[in-house]
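The values are calculated or read from the model by the stated rules, or taken from the named source; none is laboratory data. The structure displayed is predicted, hence computed values, not measured ones. Cβ placement follows ideal geometry from the backbone for every residue including glycine, while neighbour counts extend to all protein chains displayed. These accessible areas exclude ligands, DNA and RNA; they are computed on the full protein's heavy atoms, side chains included. Shrake-Rupley method; radii C 1.70, N 1.55, O 1.52, S 1.80 Å.
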Amino acid sequence: MSKIKLKVQQEAISHASKGSMLRPFKALAFLGRKPVTEALQARIAADIYRGFHLNDWDKCIGCSTCHTICDNAAIQMVYIPDLPSDLLAGKKPFRPAIDYGRCCWCGLCVDICPTGSLALSKEYIHTCTEDHIDSYFILPDPKGMHKQPFEKGWEKSDQTDLLLHHRQTMQQLPALERIQNFDEIVQGFTDQAAFEEASRCIQCGFCHDACPAQMHAPEYIRAIWEHNFEQAVTQIYRTNPFPNVCGRVCTHRCESACAMQVRGEAIAIRWLKRYAIDKVPHARVKALVSQSEISKPDNNLSVAIIGAGPAGLTAAFDLVQQGHKVKVFEAADKAGGMMRYGIPEYRLPADKLDEDIAIITSMGVEIVCNTIVGKDVSMEDIVTEYDAVLLATGLQQGRSSRIPGSNHKNVYSAIELLAKIKRQEDFIIPHKAVIIGGGNVAMDIARSLARLQQQYYANINIIVTTLETKDAMLADDSEKREALEEGIVLENSRGPLECMVCDDETLEGLKTVACLTVFDKEGRFHPQYDYTDEVIYSADMVVEAIGQNTVLAFLGDTITEQLEWQQGKIKVDNEGHTALEWLWSVGDMVKGSDVIHAIAKGHQVAKSIDTYLQNIKVFS
Amino acid sequence: MRAENYQAVTHPESHEFELNFGPNHPGIEGNYALKVRVNGDKIVAAKADGGYLHRGFEKLMEGRLWIQNIALVPRICVPDPVPMEMCYALGVEDLCQFEVPERANWLRVLQLELSRIAAHLFTFGGHAATVGMYSNMFWGIADRDLILDMFEQMTGGRVYHMYTIPGGVRRDVGVEQLDKISDLLDYLEKRLSDYDNLFFNNKIFIQRARDTGILTPKQALSWGVTGPNLRACGLAFDVRRDDAYLCYDQIDFDIATETAGDALARNLVRRKELAQSIYIVRQVIDYLKKDKSTHIRCQIPNPLAWKVPAGETYTRVESSKGELSFYIVSNGGEKPYRVHVRGPSSMHAVQVLEKLVTGGRLEDVAQIMFSLDACPPEVDR
């Protein structure tokens, strides 16, 4: 079977020949050969040699994944004060330092590096005297250990990458199906998909730092990966009493900071949060939350919160856990604020919001609905009855463009119309609607109206006009994409000029002109129009989705005078404290943004109120 | 010493005394020792004395993630590290039910066989040195270095390659590289006759090694002898054939055997295996050149979130020293619950060595140990 010649070896076994006298002269043949020993000089290392580290500081984001994977604990993250830090973009001023007393050059740090900034070079010689023994602890940069021009050796490639860069696909209703009704579009992860998605996380914690509420995302992602959903929910509730809401409509700053998105797709942190809360039965969530915090004994101090939106309810949730009596006054028929009346059902089903609010009320928060402060209960009564008051009324009034004809009855504000749709109030569904505005609210109302048009007329005719170009529009990319899929028409760079009303008082359409620029050189809102380029979009309804205002008339003259004001808003300090020591303000009415910011501010203001109430207790 | 100062030593009745053979004896292989009781040059009794290289690998592995252990396992046996990586990877793959791509398996065989050649060259050199033939040692080490060059070019590391990971291998090997290996094989094949002239046909070696440290087949089986040492007793057992792993079942090779069971036979088996390994590597190169696939690793989980399903597995490969096995237990966690390494050298360097040197002569201790190719770091782990 063997194809190898083993002649020489057979001879060895028999050892028959005694050899000739001349045999020693064979050694002469070696005189001409090159010696096997080599002169002592540095040899050029192989192309993929694993020598000393190189680190591209521009690419490195300081995520410390190299530090985590290092099996010899040879990598320490060092704080570099001069480096830029941008937590929202996922950049930290830390860089890995390598202890060559420990490193074994396995290259796992390179293969796992999410950015691809780390590489090993072809350099392999370093020696020093005892005085410079610290020179074995180095902070690699692109220039190498001795600033010599050594090339990269072991580098990361797609073939060797140890990370999983692709996101699990989320089941979503297709455009043709979802346009028929207000069913939730996003179907949620399957068990397998959630597990796979959670397993991609490298636990760098950038999400935690980028989240306005500093949610413990690494911890709950880890818990999901471990199939410990109750633990995940407990971790979520440490900082967020609205997991159902944020698991669906959060603006997910965490995902923009995720280290995985540098070379691949960010972990779907928002969907994982939703998966965790969907996975644990509501009654069990209630039990977990009531266990999670040890409430101090009731101290008979009370707080009135005006407005049951995300900020007000978060503050209420925190304050009851700190042992205070909290009563929330809500003008609408149900709690939730913009989460209930501003976000369409297809993005956030009302029953999910109800679940979150039910947890909050189960903790002892009292919410009185259908109670308008200033009408059903006077501000003075609240001030006398409660030790502290928090204003969290949000922005309830849609802003108007004030163009001619905008006071027509068929010209709505988006926020008003969204609430009507959510409450299922009657109004005449337009055959043709034009929306003014390019933000997420504009998309919400356009897509809601499209669903109603489909239901009633089986025909969608909705035009969204925006001042900005398509790329500069404020709406999320996914919102834009889905709106287009649903048959909504985007008309970009159009400035509204007039809501055209016929003689018989019917609305005819919206006259627009081309918008050249939106902001002036100082960055202020100051659109420039080209009046020669005029287009009229015919419509029987125009909806203005250009922002909202707050209404604070209920405060009364005395309080209004005592407060300090800034650009039409109540002036507050960083913790939401107004000029009056018993009054705080929080949420959109201070600085409008989104649910998670409102939650973050709610926590902050609750802490401030608690400190104030503690002091009252001490001094009384 | 002046003649007038010389006084004849009066020996006690017993001429026996205990000699520490190692750990600093030049004839011992690595950091290892034998306590031998000698009567003149004759060895009356021997006791293996290891532990100088104990680094606690098995325990260390319990504290590291599954992927991190790839940096640890090759260190168990320094001269022949690839089978360690391989055996660990096979175990984890078995527990995780990974489907390893075919190309990766062939690349692994390439590594394994090159490692075997390098290890054998190292051993010849060592053995030759114990019988006073240092040129052979220089040649062996120098030629081994050429293989290390190949390892460096393929894996980025010369001695510890950390190349085989559970699921596949870390890098592909290009055609140019395969050509270089092919050239090296040509060179090594030519060198074999030089080695034969210098060593295997050398009268000094043959006379020293023949009938030294004879191991009978029965003893070999009862003392747990494996690998070339077993095959030198005439028992043709090789894990590569008898419990084929990777793609060894698709490769043509002979199992080298000898019958004498002495130090000479053990060396001759290794000499034949050198030729066999060269023959195997040539087949692997042919395959890899024809194979157009670039798939060298199956999808493995994120190394930082990797739980291996609970279970236990026992995997074995044929290392240059003999049968190497890993017993891996997972409790479903991110780290191994228990890893046990059954290295061939623990048998060869303890019970076998003790028995073979007893009754022999002091000058043969070193050569018997080298003929058994015992690897102290693997004994101690």
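Quick one: which strands (runs of 3 or more DSSP E) sit completely within region A:511-620 and have at least 2 residues that are out of contact with any Pro (no Cβ under 7 Å at 6 or more places or on another chain) and of a type in the set (Phe, Trp, Tyr)?
In region A:511-620, A:525-538 are the strands (runs of 3 or more DSSP E) which contain 2 or more residues that are out of contact with any Pro (no Cβ under 7 Å at 6 or more places or on another chain) and of a type in the set (Phe, Trp, Tyr).
Looking only at region A:191-222, filter to residues that are buried (at least 22 other Cβ atoms within 10 Å of the Cβ) and among the small types (Gly, Ala, Ser); which one of those is farthest from the other protein chains (Cβ to nearest Cβ)?
Once the filter is applied, the top-ranked residue is A:213.
Step by step: first the residues of region B:140-166, then only those that are more than 8 Å from chain A (Cβ to nearest Cβ) and outside any helix (DSSP H, G or I), then the one that is surrounded by the most Cβ atoms within 10 Å (Cβ to Cβ). Which residue is that?
Among those that are more than 8 Å from chain A (Cβ to nearest Cβ) and outside any helix (DSSP H, G or I), it is B:164.
Residue B:218 - would you say it is away from every other protein chain (no Cβ under 14 Å) and either under 21 Å from the mean Cα position of the chain (by Cα) or open to solvent by 50 Å² or more (accessible area, probe 1.4 Å) (or both)?
It is true that residue B:218 is away from every other protein chain (no Cβ under 14 Å) and either under 21 Å from the mean Cα position of the chain (by Cα) or open to solvent by 50 Å² or more (accessible area, probe 1.4 Å) (or both).
May I ask you to list the residues in region A:445-469 that are under 18 Å from residue A:491 (Cβ atoms) and in contact with a helix residue (DSSP H, G or I) (Cβ under 7 Å, 6 or more places away or on another chain)?
A:445, A:446, A:447, A:460, A:461, A:462, A:464, listed by residue number.
Quick check, is residue B:254 touching a helix residue (DSSP H, G or I) at 6+ places or on another chain (Cβ under 9 Å), open to solvent by 10 Å² or more (accessible area, probe 1.4 Å) and facing chain A (nearest Cβ under 8 Å)?
Taking the combined requirement at face value, the residue satisfies it.
Pick out the one residue from B:170, B:103 that is in contact (Cβ under 8 Å) with a residue 24 or more places away in the chain, within 11 Å of chain A (Cβ to nearest Cβ), crowded, with 20+ Cβ neighbours inside 10 Å and farther than 19 Å from residue B:79 by Cβ.
Among B:170, B:103, only B:170 is in contact (Cβ under 8 Å) with a residue 24 or more places away in the chain, within 11 Å of chain A (Cβ to nearest Cβ), crowded, with 20+ Cβ neighbours inside 10 Å and farther than 19 Å from residue B:79 by Cβ.
Could you grab the pairs with beta carbons closer than 7 Å, sequence gap of 6+ or different chains, first residue in region B:184-210 and without any contact (Cβ under 8 Å) to a residue 40 or more places away in the chain and within 9 Å of chain A (Cβ to nearest Cβ), second one open to solvent by 50 Å² or more (accessible area, probe 1.4 Å) and in a helix (DSSP H, G or I)?
Qualifying pairs under 7 Å: B:197/A:26; B:201/A:11.
Can you name the condition, by its number, that residue A:76 falls short on among (1) touching an Asp or Glu at 6+ places or on another chain (Cβ under 9 Å); (2) farther than 22 Å from residue B:154 by Cα; (3) assigned to a loop (DSSP other than H, G, I, E, B); (4) more than 14 Å from chain B (Cβ to nearest Cβ)?
In the conditions (1) touching an Asp or Glu at 6+ places or on another chain (Cβ under 9 Å); (2) farther than 22 Å from residue B:154 by Cα; (3) assigned to a loop (DSSP other than H, G, I, E, B); (4) more than 14 Å from chain B (Cβ to nearest Cβ), residue A:76 misses (3) alone.
Can you tell me which residues in region B:215-231 are without any contact (Cβ under 8 Å) to a residue 12 or more places away in the chain and of a type in the set (D, E, K, R)?
Hit for region B:215-231 is B:218, nothing else.
Which condition breaks for residue A:61 when tested against (1) modelled with pLDDT of 90 or more; (2) facing another protein chain (nearest Cβ under 8 Å); (3) in a loop (DSSP other than H, G, I, E, B)?
It fails just one condition, (2).
Does region A:285-303 contain any residue that is open to solvent by 10 Å² or more (accessible area, probe 1.4 Å), part of a helix (DSSP H, G or I) and among the hydrophobic types (A, V, I, L, M, F, W, C)?
yes
Quick check on this structure: which one of A:98, A:44, A:112, A:69 is in contact (Cβ under 8 Å) with a residue 24 or more places away in the chain and in contact with a His (Cβ under 8 Å, 6 or more places away or on another chain)?
Sole residue among the options that is in contact (Cβ under 8 Å) with a residue 24 or more places away in the chain and in contact with a His (Cβ under 8 Å, 6 or more places away or on another chain): A:98.
Out of B:78, B:82, B:9, B:36, which single residue is in the same structural domain as residue B:350 (by TED's automatic domain parsing), out of contact with any Lys or Arg (no Cβ under 6 Å at 6 or more places or on another chain), among the hydrophobic types (A, V, I, L, M, F, W, C) and at pLDDT below 90?
Result: B:78 is the single residue among B:78, B:82, B:9, B:36 that is in the same structural domain as residue B:350 (by TED's automatic domain parsing), out of contact with any Lys or Arg (no Cβ under 6 Å at 6 or more places or on another chain), among the hydrophobic types (A, V, I, L, M, F, W, C) and at pLDDT below 90.
Evaluate region A:127-147: report whether one residue or more is of a type outside the set (A, V, I, L, M), over 29 Å from the mean Cα position of the chain (by Cα), within 14 Å of chain B (Cβ to nearest Cβ) and assigned to a loop (DSSP other than H, G, I, E, B).
Looking through region A:127-147, none of the residues is of a type outside the set (A, V, I, L, M), over 29 Å from the mean Cα position of the chain (by Cα), within 14 Å of chain B (Cβ to nearest Cβ) and assigned to a loop (DSSP other than H, G, I, E, B).
Which members of region B:91-100 meet the condition of being in contact with a strand residue (DSSP E or B) (Cβ under 7 Å, 6 or more places away or on another chain) and surrounded by fewer than 24 Cβ atoms within 10 Å (Cβ to Cβ)?
B:94, B:95, B:100
If we scan region A:587-594, do we find a residue that is at pLDDT 85 or above and in contact with a Lys or Arg (Cβ under 8 Å, 6 or more places away or on another chain)?
No - not one qualifying residue is present in region A:587-594.
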